[in-house]
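Reviewing the structure listed below.
The values are calculated or read from the model by the stated rules, or taken from the named source; none is laboratory data. What you are looking at is a predicted structure, and each value in this text was computed from that prediction instead of being measured. Cβ coordinates were reconstructed from backbone atoms using ideal geometry, including for glycine residues, and neighbour counts include every protein chain displayed. What goes into the accessible areas is simple: the full protein's heavy atoms, side chains included, and nothing from ligands, DNA or RNA. Shrake-Rupley method; radii C 1.70, N 1.55, O 1.52, S 1.80 Å.
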Amino acid sequence: MLERTFTPKRTVCKVTFSVPSEWAGSEVSLVGDFNDWDQSADKLKKKKDKWEITKRLKPENEYRFKYLVDGEEWKNDDSADAYIPNDFGTEDSVVEIGK
């Protein structure tokens, strides 16, 4: 799930990425354009019934991303704005940040 909140001057968009807790046993990583696809850069934290993380992203951009679940399985976000084919024969999730 994706939730967006802009700062008052709209220079930054805080995007909260979350997935259901049952998706993973031990960890979920957010991997994408915003962290150079670094699998260890952004680990989601488990909170009650979900895993989540909030990233500060620049407006007027779109970012490709995926979740790496338990270090093994790549998953897309069910509420992504779009899905774009990648070089691995699957698709990447896309989050679009407006003005």
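So which residues in segment 15-45 are in a strand (DSSP E or B), more than 11 Å from the chain's Cα centre (by Cα) and either modelled with pLDDT of 95 or more or under 18 Å from Glu91 (Cα atoms) (or both), if there are any at all?
Lys45
Of (1) under 19 Å from Arg4 (Cα atoms); (2) part of a strand (DSSP E or B); (3) out of contact with any Lys or Arg (no Cβ under 6 Å at 6 or more places or on another chain); (4) open to solvent by less than 20 Å² (accessible area, probe 1.4 Å), Arg64 satisfies all except one. Which?
For Arg64, the failing item is (4).
Do we find that Ala80 is surrounded by 13 or more Cβ atoms within 10 Å (Cβ to Cβ), modelled with pLDDT under 95, of a type in the set (Gly, Ala, Ser) and out of contact with any Lys or Arg (no Cβ under 7 Å at 6 or more places or on another chain) in this structure?
no
Checking Trp51 against (1) touching a Pro at 6+ places or on another chain (Cβ under 9 Å); (2) of a type in the set (A, V, I, L, M, F, W, C); (3) not in a strand (DSSP E or B), which test does it fail?
Against the list (1) touching a Pro at 6+ places or on another chain (Cβ under 9 Å); (2) of a type in the set (A, V, I, L, M, F, W, C); (3) not in a strand (DSSP E or B), Trp51 comes up short only on (3).
Please find, among Lys66, Lys75, Lys99, Lys58, the residue that is touching a residue at least 12 places away in the same chain (Cβ under 8 Å), on the phi < 0 side of the Ramachandran plot and touching a Ser or Thr at 6+ places or on another chain (Cβ under 7 Å).
The unique qualifying residue is Lys66.
Could you give every pair whose Cβ atoms fall below 8 Å, whose first residue belongs to segment 7-33 and is without any contact (Cβ under 8 Å) to a residue 24 or more places away in the chain and open to solvent by 10 Å² or more (accessible area, probe 1.4 Å), and whose second residue is aliphatic (A, V, I, L, M) and in a loop (DSSP other than H, G, I, E, B), counting only separations of at least 6 or pairs across chains?
Taking only residues 6 or more apart or on different chains, not a single pair turns up.
Starting from residues that are more than 10 Å from the chain's Cα centre (by Cα) and basic (Lys, Arg), keep the ones in segment 46-59 and report whichever is least open to solvent (accessible area, probe 1.4 Å).
Top of the filtered list is Lys50.
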